[in-house]
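Q: Just passing along the structure, written as structure tokens.
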């Protein structure tokens, strides 16, 4: 690691990606109320203030003081599964906007967003549901919307939609599991690095056992445009889950939907301290693939993790790529 990068990583980071309401059971942002498009420009990298470290394991990344524990709920807590289990057609509004967002304390990033946030809104459906996705490009560049999973090739979403354009994607939600969605306009690396991605949960027929469910999307941010990430975050806000641990009842089943969407780093991981978890790779099976405390994920890889925290206290989590943890991707569960 260069001296320059080390200097950057020692500086204070934290921030707020404005959380959009999750779809399917949560109020979505109306298309007509979408915020105005901002002109594109260079990365607004700038000098960062010296760190204020509050704890030896808090790290230098702290979110802005104006955020509360509920600020990321729309991205952390997924919409509930459909209790009926019946398949149906779902209308999904998705728009792209190019706008500055706070990704760290006193750090703004010129992001490209789905529905105003990085990551984009959490989508949820039941296997077999028909999705009609109304896509609008409110940005200054061509964009689009590509879903992982299985669907009609005519709606694969790789064709660029010009600025001001729109498209309707019709896909069937399958197979059940956890899938990413993202922009596939060229250069794809830039569109993902700027923030155009999100998580799509597809429930199996009959659902999964009741659990406390959370979505964790690992994000990377290149603050100075040099092609390398200086900041990392779960759900778009560096250090958020250090200041605001995820609270769960001790002994209850916890289910995590974990997705790695970091661009520019070949691999990431999720590690839980003091406990182990069942791993459902991509979530496409109902029996665990392994039982461990570290799961390794390439870009766009994902896993559903299940565990119980047996006693009250704080349980740390982070990528085991320590530069990511030290630059914002540290967090805690608080078993209460």
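Quick note: the coordinates plus some simple rules give every number you see, no bench work behind them. Fair warning: this is a prediction, and the values are worked out from it, not measured in the lab. Methodologically, a virtual Cβ is constructed for each residue, glycine included, from the backbone with ideal geometry; neighbour enumeration extends over all protein chains shown.
Q: Express the relative contact order of the range 52-140 as a whole percentage, based on alpha carbon pairs under 8 Å and six or more residues apart in sequence.
A: Once normalised by length, the contact order is 35 percent.
Q: Now for a separate question. For each of 184, 271, count neighbouring Cβ atoms within 10 Å of the residue's Cβ, then give the residues from fewest to most.
A: Final ranking by Cβ density, sparse to dense: 271, 184.
Q: Turning to a different aspect of this structure: Which length gain, in nm to one decimal place, applies between residue 320 and residue 190 when the Cα-Cα distance is subtracted from 0.36 nm times their residue separation?
A: Roughly 44.3 nm would be gained on extension.
Q: Now for a separate question. Work out how much length residue 168 to residue 84 would gain on full extension: take 0.36 nm times their residue separation and subtract the Cα-Cα distance, in nm to one decimal.
A: 27.6 nm
Q: Taking a spot 7 Å from the Cα of residue 294 along the direction of its beta carbon, which residues of the range 305-336 have an amide N less than 11 Å from it?
A: 319-322, by backbone N distance to the label point.
Q: Per-residue counts of other Cβ atoms within 10 Å, averaged by peptide: what ranking do you get for 78-88, 308-318, highest first?
A: Most protected by this proxy first, the peptides run 308-318, 78-88.
Q: For a label point 7 Å from the Cα of residue 250 along Cα→C-beta, name the residues of the range 286-310 whose backbone N is under 12 Å from it.
A: 309-310
Q: Further question: In nm, what is the difference between 0.36 nm times the number of residues separating residue 311 and residue 276 and their Cα-Cα distance?
A: 11.2 nm
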